[in-house]
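The next block holds one structure in the form of structure tokens; read it before the comments.
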Amino acid sequence: MDHGTMLHLVKFTHVSMVILSYLLFWTRGLWMIRDPARLQRRWVRTVPHVIDTLLLASGITLAVLIHQYPLVDGWLTAKLIGLIAYIGLGLVALRLGRRRTTRIAAWIAAQGVFFYIVAVAVSRNPLPFSALL
């Protein structure tokens with residue numbers, strides 16, 4: 001397989017996993033608000049880990065294929081910092097938050113961080129909204 005084909009396949013996988021990961025996070029957040037018992041289903045506890053593993057693996061592979069790396073290229077550093085914030089907020093929203101209002105606030109904030117990460121990825125700029133200012 002040539003480099004261009006490999007790059008497109010990995011990018012397609014990465015973007016697909018981003019979409020699946022977000023949709024499942026959004027759904028789990030709604031269940032947390034409306035029907036928390038659904039969060040205890042086995043597949044709900046397993047599938048996100050599979051998707052997120054594929055997402056991370058494809059992201060690392062993409063970085064290697066395009067020769068750009070976090071802590072070297074600003075936009076990837078911003079994505080990495082955003083990812084850490086997103087994971088932390090997701091943990092508060094779906095597991096660690098003690099109060100319902102805390103969980104909902106973390107879930108909403110995580111979505112804001114998610115869209116920041118997407119904007120950084122699309123623009124390859126750590127300040128993707130700076131043109132709007």
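Does residue 1 satisfy being surrounded by fewer than 17 Cβ atoms within 10 Å (Cβ to Cβ) and not in a helix (DSSP H, G or I)? Judged against the criteria, residue 1 is a match. Cβ-Cβ distances below 9 Å connect the following pairs, each with a first residue in segment 75-93 that is more than 13 Å from residue 114 (Cβ to Cβ), a second residue that is among the basic types (Lys, Arg) and surrounded by fewer than 16 Cβ atoms within 10 Å (Cβ to Cβ), and a separation of six or more residues or different chains: 75/124; 76/124. Scanning segment 76-105 for residues that are among the hydrophobic types (A, V, I, L, M, F, W, C), crowded, with 20+ Cβ neighbours inside 10 Å and farther than 16 Å from residue 128 by Cα yields 89, 93, 94. Would you confirm whether any residue within segment 110-126 is charged (D, E, K, R) and outside any helix (DSSP H, G or I)? So far as segment 110-126 goes, yes, one or more of its residues are charged (D, E, K, R) and outside any helix (DSSP H, G or I). Per the listing 54, 65, 76, the residue uniquely more than 19 Å from the chain's Cα centre (by Cα), closer than 25 Å to residue 5 by Cβ and in a helix (DSSP H, G or I) is 65. Tell me, yes or no, whether segment 91-99 has at least one residue that is of a type in the set (Lys, Arg) and assigned by TED's automatic domain parsing to the domain that holds residue 13. For segment 91-99, residues of a type in the set (Lys, Arg) and assigned by TED's automatic domain parsing to the domain that holds residue 13: absent. Being in contact (Cβ under 8 Å) with a residue 12 or more places away in the chain and in contact with a Lys or Arg (Cβ under 6 Å, 6 or more places away or on another chain) is a property that residue 107 lacks. Here the condition is being within 18 Å of residue 14 (Cβ to Cβ), surrounded by 13 or more Cβ atoms within 10 Å (Cβ to Cβ), at pLDDT below 95 and assigned by TED's automatic domain parsing to the domain that holds residue 28; of 73, 52, it holds for 52 alone.
The values are calculated or read from the model by the stated rules, or taken from the named source; none is laboratory data. Keep in mind the model is a prediction, meaning the values are calculated, not measured. As a convention, Cβ positions derive from the backbone with ideal geometry for all residues, glycine included, and neighbour counts pool all protein chains shown.
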